[in-house]
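Below is one structure; the comments refer to it alone.
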Amino acid sequence: MKTVPNILPVSDTESQGKRLYNQMFLIPEDEVDLSTLPVISEQDRTCAAFTLKEDAEWKEIWFAKFTPSYTSEGSGNDITTEVTNTISGTIAGDRKEINDFIENQHGRGFYIVLVDRFTQKKMLFGRPYCPYYFLNHSLRKNADNASCDVTFTAPTFFQPLEYLGSVVAESND
């Protein structure tokens, strides 16, 4: 069994919500070549680059300012522990790309990288064979707001790792 880590205090600058991630990259699970698994260092909490299948590329989604969030909730039972990890955020605007995403991607598994707005550190959500699934959306188009909240969920213990690979989207469709 692993030892319990020391968890030291941090300043308000490091814990405020406005420092959360903004830029999100995702790739469908079926576009990742899982025959060559990336090296994961549990000690350093890092993951090397995923090998993508031919013509696959990371897709870029920008959340509205300060809306992205991720949570991990768990509860223990007599035999097992239930864990749910969630990433959510708001995509602004009334665009066909949002409608296409909602219509065609529900239930699909994705590996997700969020990029820290200040440090450019990349955090990977999901691990080989354990993607996050696009499960919920809330679309609004009215006089006050044109936006869509999207939520990705994973029922796994795995917490984010620093992603050491590249996530530059090759093109914008």
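Values for this structure:
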read-out: Enumeration of residues in region 46-88 that are at pLDDT 90 or above, assigned to a loop (DSSP other than H, G, I, E, B) and either out of contact with any Leu (no Cβ under 8 Å at 6 or more places or on another chain) or over 29 Å from D149 (Cα atoms) (or both); value: A48, F50, T51, K53, E54, D55, A56, E57
read-out: Matching residues in region 116-173 - criterion: being within 13 Å of the chain's Cα centre (by Cα) and of a type in the set (S, T, Y); value: Y132, Y133, T151, T153, Y163
read-out: Subset tally (residues that are crowded, with 16+ Cβ neighbours inside 10 Å and more than 21 Å from T71 (Cα to Cα)) for region 133-163; value: 1
read-out: Candidate set: region 49-75, residues that are touching a Gly at 6+ places or on another chain (Cβ under 7 Å) and within 27 Å of T36 (Cβ to Cβ); chosen: the one surrounded by the most Cβ atoms within 10 Å (Cβ to Cβ); value: F50
read-out: Members of region 89-104 found to be out of contact with any strand residue (DSSP E or B) (no Cβ under 7 Å at 6 or more places or on another chain) and part of a loop (DSSP other than H, G, I, E, B), listed by number; value: R95
read-out: Pair list, Cβ under 6 Å, 6 or more apart: region 128-156 residue under 10 Å from F110 (Cα atoms) and free of Cβ contacts under 8 Å to residues at least 60 places away in the same chain, other residue of a type outside the set (G, A, S) and in a strand (DSSP E or B); value: Y132/F110; Y132/I112; Y132/F125; Y132/F152; Y133/T153; F134/F152
read-out: Subset of region 117-151 [out of contact with any Cys (no Cβ under 8 Å at 6 or more places or on another chain), under 23 Å from T80 (Cβ atoms) and not hydroxyl-bearing (S, T, Y)]; value: F125, G126, P128, C130, P131, L135
read-out: Given (1) closer than 20 Å to L52 by Cβ; (2) free of Cβ contacts under 8 Å to residues at least 40 places away in the same chain; (3) surrounded by fewer than 16 Cβ atoms within 10 Å (Cβ to Cβ), index of the condition S166 fails; value: (2)
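The values are calculated or read from the model by the stated rules, or taken from the named source; none is laboratory data. Here the structure is a predicted model, which is why all the values come from computation and not from measurement. Neighbour counts run over all protein chains shown; Cβ positions are idealised from the backbone, glycine included.
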